[in-house]
């Protein structure tokens with residue numbers, strides 16, 4: 001209980017308290033160096049008390065309660081040794097530098113995650129249960145397998161089940177990441193958390209409570225997060241050996257020379273100030289660099305992990321593409337009506353539609369041809385399409401189900417033309433006028449500019465690109481061919497993306513996942529490093545990621561990966577330099593050349609050099625990299 005109270009007191013105030021203590025200690029050390037006195041006392045004692053005492057207390061607690069030997073054990077020995085020999089300035093200087101290193105590390109620790117809480121907020125709270133002719137509203141958690149539920153337009157599907165009556169379109173972005181709704185009819189499955197867009201339907205509950213899709217996704221994020229190992233501080237990882245070496249060298253020197261001052265000096269010069277600063281200063285400088293390039297680094301060790309990735313997995317929609325469909329082709333099938341006239345009739349018929357494809361057709365026509373004419377007698381068939389009267393013509397725009405329901409036959413030419421576009425990953429809408437098919441409209445997502453360059457740059461750097469998407473195979477393969485990605489996984493639900501990443505990592509690879517949707521959250525946590533699209537991404541994806549690409553400029557990804565490797569090189573140089581300096585200082589201390597004060601100044605100079613070397617990362621830029629723009633807006637005009 002006492003230990004817990006002490007630890008709680010030490011943690012009180014957090015980063016602001018540490019910064020304030022370091023600032024006050026710095027002023028006190030300057031006064032001490034100038035030989036000023038405060039009420040007859042060396043002001044360096046202020047630094048010892050504010051910065052040194054917490055270090056000693058934490059070292060003692062860790063050593064006694066957990067036998068945990070960290071860098072602060074050696075620092076505590078150096079502090080005590082310096083005070084015992086009357087070198088108060090040396091003790092204060094050591095304490096202040098160590099607390100500075102601790103502050104830099106605290107500034108880069110992970111933020112609390114709200115992703116799981118946001119997923120829980122998406123969980124439906126109520127459902128409409130149908131019993132005979134009676135409809136009652138119940139809690140979603142009270143739904144039982146076999147219950148018949150009614151879902152109205154705009155409502156969230158409460159549990160997993162199968163449609164038993166009605167037709168509709170379902171927004172499945174929460175599960176697949178695809179922005180376009182999927183048409184559903186009797187016999188089709190629907191998942192909890194997805195949104196009913198248009199038609200009302202009845203469904204039979206099949207997976208409820210903890211077995212529902214949205215609850216399984218919550219558990220996926222939790223399990224992926226729990227399974228991720230954190231990087232241990234370098235100084236702490238080597239602390240045991242450093243402590244043993246320092247104590248052994250100090251004891252042997254005392255035994256051989258009989259001079260306690262030399263033994264104390266060894267403890268002072270072996271204090272791992274530069275070693276502690278080696279990693280956090282480089283990480284902070286690198287974070288400052290990538291911030292200027294549109295990245296928000298949320299996890300302090302994310303750049304260290306990123307430097308070792310072997311594979312980079314991309315979501316498709318909203319990541320490699322804009323996630324917004326556009327009309328890519330309008331083709332006429334009738335000699336009496338050209339492509340522009342087909343486009344005009346379709347846009348007019350869709351003018352009052354709320355379906356995303358209908359709105360896309362209207363927007364594309366208005367951007368390329370001007371105002372969209374009005375239509376009369378608008379009718380919408382959920383999950384099929386629309387019907388309207390345009391200039392006295394009876395116009396149908398939708399899928400084959402709509403045409404069949406209105407007695408319109410699709411000939412071989414129409415089917416062949418549609419199949420060609422489907423193989424390119426497009427969505428096809430048929431246009432029929434007065435009972436005959438007159439054309440088709442192909443719609444597709446748009447690849448972000450420079451996406452192919454990004455993939456090529458990653459490949460040339462030895463990082464293998466992988467495509468993980470909830471979209472169907474045709475669309476995935478088309479995008480993969482266009483961008484030069486060989487490893488493609490299509491129709492992936494959240495579990496499928498996690499499994500694909502898990503297989504790579506089980507075989508020794510380390511995966512960086514780049515995504516934007518709710519369905520990407522488990523994969524972002526499962527991956528060695530997760531990067532979320534900030535501008536177009538969901539809050540849950542951003543919460544689950546280690547790094548956020550604030551403005552969605554994917555052309556900066558190669559700079560991020562290259563900088564991460566440069567950062568690790570800088571850290572290794574810092575560590576090598578600091579350890580070499582320490583061993584040289586030990587030899588000088590053993591021979592009596594260094595006393596505690598000059599020893600403290602030597603390792604202080606080493607700390608300064610480490611900081612200077614790390615600061616070079618602030619302006620580092622890979623050679624040959626230009627500032628490519630990735631803000632192009634997808635055109636709404638047909639190709």
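Any residue at all in the stretch 402-417 that is part of a loop (DSSP other than H, G, I, E, B), at pLDDT below 85, out of contact with any strand residue (DSSP E or B) (no Cβ under 8 Å at 6 or more places or on another chain) and surrounded by fewer than 17 Cβ atoms within 10 Å (Cβ to Cβ)? Checked the stretch 402-417: no residue is part of a loop (DSSP other than H, G, I, E, B), at pLDDT below 85, out of contact with any strand residue (DSSP E or B) (no Cβ under 8 Å at 6 or more places or on another chain) and surrounded by fewer than 17 Cβ atoms within 10 Å (Cβ to Cβ).
Within the stretch 512-531, is even one residue in a helix (DSSP H, G or I) and over 16 Å from the mean Cα position of the chain (by Cα)? Checked against the condition, which is being in a helix (DSSP H, G or I) and over 16 Å from the mean Cα position of the chain (by Cα), the stretch 512-531 yields no hits at all.
The rows are residues; the columns are (1) in a helix (DSSP H, G or I); (2) at pLDDT 80 or above.
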| site | (1), (2) |
| --- | --- |
| 240 | yes, no |
| 247 | yes, no |
| 251 | yes, yes |
| 264 | yes, no |
| 268 | yes, no |
| 283 | yes, yes |
| 286 | yes, yes |
| 290 | yes, yes |
| 308 | no, yes |
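Within the stretch 76-83, identify whether any single residue is within 25 Å of residue 602 (Cβ to Cβ), at pLDDT 75 or above and surrounded by fewer than 16 Cβ atoms within 10 Å (Cβ to Cβ), and answer yes or no. The answer is yes; a qualifying residue exists.
With respect to being farther than 22 Å from residue 454 by Cα and outside the structural domain of residue 81 (by TED's automatic domain parsing), residue 479 falls outside the description.
Residue count for the stretch 532-576, restricted to those that are outside any helix (DSSP H, G or I) and without any contact (Cβ under 8 Å) to a residue 60 or more places away in the chain: 3. Just wondering, is there one or more residues in the stretch 125-136 that are modelled with pLDDT under 85 and either part of a helix (DSSP H, G or I) or touching a strand residue (DSSP E or B) at 6+ places or on another chain (Cβ under 8 Å) (or both)? Among the residues of the stretch 125-136, at least one is modelled with pLDDT under 85 and either part of a helix (DSSP H, G or I) or touching a strand residue (DSSP E or B) at 6+ places or on another chain (Cβ under 8 Å) (or both), which makes the answer yes. Inside the stretch 361-389, residues that are over 17 Å from residue 326 (Cα atoms) and either under 40 Å from the mean Cα position of the chain (by Cα) or surrounded by fewer than 21 Cβ atoms within 10 Å (Cβ to Cβ) (or both) make up a count of 15. Taking the condition under 30 Å from residue 521 (Cα atoms), surrounded by fewer than 16 Cβ atoms within 10 Å (Cβ to Cβ) and in contact with a strand residue (DSSP E or B) (Cβ under 9 Å, 6 or more places away or on another chain), does residue 354 pass? So residue 354 passes the test.
In the stretch 473-484, the residue that is farthest from residue 444 (Cα to Cα) out of those that are surrounded by fewer than 22 Cβ atoms within 10 Å (Cβ to Cβ) and touching a residue at least 24 places away in the same chain (Cβ under 8 Å) is 484. Regarding residue 197, is this residue more than 27 Å from the chain's Cα centre (by Cα), under 20 Å from residue 517 (Cβ atoms) and at pLDDT below 90? Taking the combined requirement at face value, the residue satisfies it. Among the residues of the stretch 30-49, those identified as without any contact (Cβ under 8 Å) to a residue 40 or more places away in the chain and assigned to a helix (DSSP H, G or I) are 30, 31, 49.
Among the residues of the stretch 310-335, those identified as in contact (Cβ under 8 Å) with a residue 40 or more places away in the chain and assigned to a loop (DSSP other than H, G, I, E, B) are 310, 315, 322, 323, 324, 325, 333.
Scanning the stretch 521-541 for residues that are buried (at least 24 other Cβ atoms within 10 Å of the Cβ) and touching a strand residue (DSSP E or B) at 6+ places or on another chain (Cβ under 7 Å) yields a count of 9.
Among the residues of the stretch 485-508, those identified as assigned to a loop (DSSP other than H, G, I, E, B) and within 20 Å of residue 318 (Cβ to Cβ) are 485, 490, 491, 492, 493. Taking first residues from the stretch 339-351 that are assigned by TED's automatic domain parsing to the domain that holds residue 396 and touching a residue at least 24 places away in the same chain (Cβ under 8 Å) and partners that are assigned to a helix (DSSP H, G or I) and crowded, with 24+ Cβ neighbours inside 10 Å, the Cβ contacts under 6 Å between residues at least 6 apart in sequence or on separate chains come to 343/365; 346/361; 347/361; 347/365; 350/361.
The values are calculated or read from the model by the stated rules, or taken from the named source; none is laboratory data. Everything quoted here is computed from the prediction, not taken from an experiment. Note: ideal-geometry Cβ built from the backbone for every residue, glycine included; neighbour counts use all protein chains shown.
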